[in-house]
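Engineer: I'd like to ask you about the structure that follows.
The values are calculated or read from the model by the stated rules, or taken from the named source; none is laboratory data. These numbers were taken from a predicted model, which means no experiment stands behind them. Here the Cβ positions follow ideal geometry from the backbone for every residue, glycine too, while neighbour counts run over all protein chains shown.
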Amino acid sequence: MSEHLALNTPDAFGKPGYSEGNFENPKLSLPAIPAFDIPEELRGEFIATGVLSTLEVPSYHDWKRFWEVPTALVLAVPALMVTAVLIVLVRLTSKGPGIYQQVRSGKDGKEFTMYKLRSMRTDAEKNGIQWSTGDADRRITPLGYWLRKLHLDELPQIINVLRGEMSFCGPRPERPQFVSELEKYVPYYRTRLAVRPGITGFAQINLPADSDTVSVMKKQTLDLDYIEDATLTADLRMVGCTALRLVGIPGKVATKVAGLVRSPEESKFSNHYIDLWRKCESVKNQSSQN
């Protein structure tokens, strides 16, 4: 594994305790959520907790609200009009409400309610909280498949941007229950809470939906890239890229047109993750061959 960097001071990112980490391997038991699958053969691996002291968070993250709020106000009217129509379609095609509310972890771990158009059945978590398995997830409704495919289910999040809980661009907000689990499996996972989460970001436009721990590690590298390299130009290009996807342009094409193609392997932060994810992939490949 790569060299483990020191953690920040206890008041990192404005919340005491964020840097507190157990530098002993947490002796991971079998994960409560099957998708978090560090193989048992690798359970002796060191998982660095807390936040990276080497991450530089540019001041841009503090002042980008100056362009986000006016832009969100302009986009809110058409976005919410389309949302209203889609709410009717969601309710006509499946039982339950049109809007789905879910608690997510925001900046510094502060929880907030995120809004989405409902794309799954109302009993999707009758057996407890579950991670989505992507397009093949049987809990997704027929209409929900297309809402997700075109990212239309995220339109209501314009409200979260106006309320200052989210940004247009940033790491995707995760559920608090998953954050507490993922930090056991993904080194320095809480570092992504240094900024407001986003509707889109380097990770969202370059990689498919999370399906296992390795995919989370790969997205983490691009999320950290965004946090450190965020600029107004990059944000506007990402918003444009997302707009292209909303009108049906394939994700890979839109990302290439926007000049935002990024690879986890080439990330400056990959050294904290790549050894572990390659080991995981190797064990998984050997298991499938056997």
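Engineer: Given (1) under 17 Å from K64 (Cβ atoms); (2) in contact with a strand residue (DSSP E or B) (Cβ under 7 Å, 6 or more places away or on another chain); (3) crowded, with 20+ Cβ neighbours inside 10 Å, identify the lone condition not met by D153.
Structural biologist: The one condition D153 does not meet is (1).
Engineer: I need the full set of residues from the range 154-173 which are more than 23 Å from L260 (Cα to Cα) and touching a Phe, Trp or Tyr at 6+ places or on another chain (Cβ under 9 Å), in order please.
Structural biologist: Of everything in the range 154-173, those that are more than 23 Å from L260 (Cα to Cα) and touching a Phe, Trp or Tyr at 6+ places or on another chain (Cβ under 9 Å) turn out to be P156, I159, N160, R163, E165.
Engineer: Same structure again: Taking the range 173-191 as the search range and keeping residues that are in a helix (DSSP H, G or I) and hydroxyl-bearing (S, T, Y), which one is surrounded by the fewest Cβ atoms within 10 Å (Cβ to Cβ)?
Structural biologist: Step by step, filter the range 173-191, then rank; the result is S180.
Engineer: Looking for something in contact (Cβ under 8 Å) with a residue 40 or more places away in the chain, part of a helix (DSSP H, G or I), basic (K, R) and surrounded by 14 or more Cβ atoms within 10 Å (Cβ to Cβ) - is there at least one such residue anywhere in the range 63-75?
Structural biologist: The answer is yes, given that some residue of the range 63-75 is in contact (Cβ under 8 Å) with a residue 40 or more places away in the chain, part of a helix (DSSP H, G or I), basic (K, R) and surrounded by 14 or more Cβ atoms within 10 Å (Cβ to Cβ).
Engineer: Please tell me if S211 is touching a helix residue (DSSP H, G or I) at 6+ places or on another chain (Cβ under 9 Å), at pLDDT below 90 and hydroxyl-bearing (S, T, Y).
Structural biologist: yes
Engineer: Right, next: Mind listing whichever residues of the range 112-122 are surrounded by 14 or more Cβ atoms within 10 Å (Cβ to Cβ) and either touching a residue at least 40 places away in the same chain (Cβ under 8 Å) or under 15 Å from R163 (Cα atoms) (or both)?
Structural biologist: Scanning the range 112-122 gives F112, M114, Y115, K116.
Engineer: Just give me the residues in the range 217-228 being over 13 Å from S167 (Cα atoms) and without any contact (Cβ under 8 Å) to a residue 60 or more places away in the chain, in sequence order.
Structural biologist: K218, K219, Q220, T221, L222, D223, D225 - these are the residues of the range 217-228 that are over 13 Å from S167 (Cα atoms) and without any contact (Cβ under 8 Å) to a residue 60 or more places away in the chain.
Engineer: Residue under question is G134, and the condition is that it be buried (at least 18 other Cβ atoms within 10 Å of the Cβ) and either modelled with pLDDT under 90 or in contact with a Phe, Trp or Tyr (Cβ under 8 Å, 6 or more places away or on another chain) (or both); does it hold?
Structural biologist: no
Engineer: Give the residue that is farthest from the chain's Cα centre (by Cα), with candidates limited to residues of the range 190-214 that are more than 21 Å from I159 (Cα to Cα) and free of Cβ contacts under 8 Å to residues at least 40 places away in the same chain.
Structural biologist: R192
Engineer: Scan (1) surrounded by fewer than 17 Cβ atoms within 10 Å (Cβ to Cβ); (2) of a type in the set (G, A, S); (3) more than 24 Å from K107 (Cα to Cα); (4) touching a residue at least 40 places away in the same chain (Cβ under 8 Å) for the single condition G251 breaks and write down its number.
Structural biologist: It fails just one condition, (1).
Engineer: Out of everything in the range 85-123 that is outside any helix (DSSP H, G or I) and among the charged types (D, E, K, R), what residue ends up being nearest to the chain's Cα centre (by Cα)?
Structural biologist: The residue in question is R104.
Engineer: Kindly indicate which of V103, V82 is touching a residue at least 12 places away in the same chain (Cβ under 8 Å), hydrophobic (A, V, I, L, M, F, W, C), in contact with a strand residue (DSSP E or B) (Cβ under 9 Å, 6 or more places away or on another chain) and surrounded by fewer than 17 Cβ atoms within 10 Å (Cβ to Cβ).
Structural biologist: Only one candidate passes the filter, namely V103.
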